[in-house]
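Colleague: Quick one: the structure is below, questions incoming.
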Amino acid sequence: MDADEGIRNTREKTDGQAAPGDWEELVATALLGTARRGGSPEALLDAAAVRTVRRRAGLRPAEAARRPQPAPRDPRPAPPEAARRRLAQLLAGRTAAGSGGGRRGGAPDLTELLPQWLATAGRYGYRAPSALVPALLDAARARTDLRPQALALAGARGLWLARLNPDWRFALRGAAGGAGELPDPADGAAVERLWEEGLFAERVALLGAVRAHDPAAALRLLGTTWATERAEDRLMFLDSLRAGLSASDEPFLEAALADRSRNVRSTAAELLSALTGSALAGRMAERALACVGPGVVDPPTECDAGMLRDGVVKRPPAGRGERAWWLGQLVEAAPLSCWRERFGGLGPAEIVALPVAEGWAEELHAAWCRAAVRQRDARWSKALLGPASAPPAAGPGTASLAERAKLLETLPEEERAEWVAEFVRAHGLSEAFQLLGVCVVPWAGALGRAVVDALDAAREAGSYPWSFSGVMGLAERCLDPAEAGRLEAAVAAADDPPEGSSGAAAYWAEAFQRLVATLRLRAAMLEELAPAV
């Protein structure tokens, strides 16, 4: 068979509807050899070439997809050009130029600075630069902690892109309404439609939006389907009432005390106890006052039906006695204001300082701590915290740093920072990590100075440096950038360790260099993001 004949045979097979085995036959011939199947190698190659062209030419063009609607306009201003370049650098995760001084680990961690850039840009009301929205969505896909701020910055254009790329579907799930905006809370028909037909996450978001607009309307909306909701959904809806909790919520919450779900009943009771003027709070006060007085602690001997209805859990956890367990719940739910009269007009600090019946001080003070946190009572929180200079285990309320951190959150920002600064000065940083985490950023004034001085003192003392890595990382994110100047002396000292010093000196040198470089970079970021005057 010559080449022309091979081409003719191939053409005959491919005219009209191509025979399904044409290509397979050519492959088989190539594998077995032309000597066994007939023909020449040249004819085989020619036939394969023709068949390849025909296969390619035979593909029918697909129907053009509909062009997407143009991306919606975002009226917010774009950040300044220098800030845009900085965002591109942070999204790429590159090392800041000129930082690090050549030491290992001395350069700022740009991935930790990205959340701060996003938060600051959000406060200024910027939108994401259009060209960086895809990279921003990629970053949010990889890090869930970035998603709220990243999606807010990406705005409607981010959602527009997310509809075109399956990798960014998370943005649609995280957006209000799933694929768009929530309806106007004042649009009753649209609100009712989404409430009846929306996904659970959409309904939770909707309830929050309506509650912010009109709390009474939110309760009415919730009441329309409350009886038919699943127990776990009722619990989530009830939990969303924490925001903006007020006396107008009491009738709904009081009714929820009879819910068939124990968790729903417990949450309703907790919310009612936070309303110190509620009927439940009054009932709990009556019970608690009957158990506790000056020099007297007499816990209840049984958990009756009324206590159960008001959210008291009957069975204690392992290792707790029943009476102590019930007492703690009663005191925790009673309004703190009820104790003044019971203790002869004394204030919180004086009450906390009183001797307690043997064996009950820890239980009673711990319950008062939980009550102070729940009721956001700063006076009681200060009394239970005690002086910051006292040893952590000697506080009048609790020896737990986690509990102290919760109490601190109820204090005004300045008082909180002052208390933690005093704690750091008295006890150093090794036990202050949880307390620092509740302080408002940036750490400035007395708190910033206390942290810098404590870090330098730890270096000079030759402390084991790796135990401070968590605090050092927190300082990079939270210290006021103005503290960079005060740190220069510590950097110089760390760069010139005494002869024969251990490897810890190298760690401190790198850590201080990184801290200073990070603070200077944060200062530059803030300056770049500031709107032009």
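Colleague: Over the Cα atoms of the stretch 185-318, how large are the radius of gyration and the largest Cα-Cα distance (Dmax), in Å?
Modeller: Final numbers for Rg and Dmax: 17.4, 60 Å.
Colleague: State the Cα centre-to-centre distance between the stretch 126-171 and the stretch 458-487 in whole Å.
Modeller: 33
Colleague: Near D298, within a Cβ-to-Cβ distance under 15 Å, what is the net charge of the other residues, with Lys and Arg +1 and Asp and Glu -1?
Modeller: For residues surrounding D298, the net value is -2.
Colleague: Give the peptides 84-90, 219-225 in descending order of average Cβ contacts within 10 Å, highest first.
Modeller: 84-90, 219-225
Colleague: Which of the trypsin sites (Lys or Arg not before Pro) across the stretch 279-375 are loop residues per DSSP, with 14 or fewer other Cβ within 10 Å?
Modeller: Sites meeting the loop and neighbour criteria: K314, R320.
Every number here is computed from the coordinates shown, using simple stated rules; none is lab data. Just so we're clear, the structure is a prediction, and the values are computed from it rather than from any experiment. All Cβ positions, even for glycine, are placed from backbone atoms using ideal geometry, and neighbour counts span all protein chains on display.
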